[in-house]
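Here, each number is a calculation from the coordinates, and none is a lab measurement. Since we're looking at a predicted model, the values are computed, not measured. Cβ placement follows ideal geometry from the backbone for every residue including glycine, while neighbour counts extend to all protein chains displayed.
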Amino acid sequence: MMEKLLSISVIALFLAIQDVNCNESRTELMNVNEEARVANRCVKHQTDANYFRAHGAGAGRHQNTAKVKAKMAANSELSNTIQYWMSEFMSKYVGDLGQNAEEYILHFEANSKEAIERIISENAVVACDEVEYVKEDGMYNVSLMIEIKRKKVFEAFNRILSTDYKWKDIYNQQKLEDLFKTGIAEVKRGK
């Protein structure tokens, strides 16, 4: 009887260990699958005709540190995207000024970085659920996507240009709006 009880105990212990190992494997698999599923959901949203979007990832021993790093990376990417788009936009705007065009573009670029950062801080939102998981080394890893409406960016730059001392002589709201609409149409066509 004692041998039978010992055999049952050993078998139960073995099954319990196997169940724990299986649960850990399932949990690991679920974490990897969940991470990939959500990360893919975030990455599939790219800048389009209506939104500027950017992705960021961060890691840290503390969850908040990882979130801050991810948000900083996304903000930096978003800032670069908007800077590029606005530089292209402004080049078209001043294109008919000939040699003076470069002077206006340089003035715009010198002052736009701070303006873009302010626009992002006031208007960008986290649009994709954050993905958080703890790596084996105890580090938190966070991935997120932020977005800002193109219209908000345009409106902010419209206000800035209409009041800038350098731009006030060549500022034309209708021309600016027409270029914005043309730019949106190009994005929609995939240019």
Inset, instruction - Along Cα→Cβ, 7 Å out, is where each label goes; now give me the distance between the ones at residue 163 and residue 118 in nm to one decimal. - result: 0.7
Legend entry - Restricting region 113-186 to GluC sites (Glu not before Pro) in coil, as DSSP defines it, with at most 15 other Cβ within 10 Å: 136
Inset, instruction - Would you tally the net charge around residue 60, using a Cβ to Cβ cut-off of less than 10 Å, leaving residue 60 out, and scoring K and R as +1, D and E as -1? - result: +3
Legend entry - Whole-number percent relative contact order across region 46-189, with pairs defined as alpha carbons under 8 Å at least 6 apart: 32
Legend entry - Cα Rg, Dmax (largest Cα-Cα span) when computed across region 59-167, Å: 17.9, 59
Legend entry - Karplus-derived 3J(HN,Hα), 6.51/-1.76/1.60, for each residue of region 177-187, Hz, glycine and proline x: 5, 5, 5, 4, 5, 5, x, 5, 4, 5, 5
Inset, instruction - Tell me which residues come under 5 Å, amide H to amide H, from residue 47 once H is placed; ignore anything under 5 positions away on its chain. - result: 53
Legend entry - Residues residue 136 and residue 85, FRET efficiency given R0 of 41 Å [Cβ-Cβ distance, rounded to 0.05]: 0.55
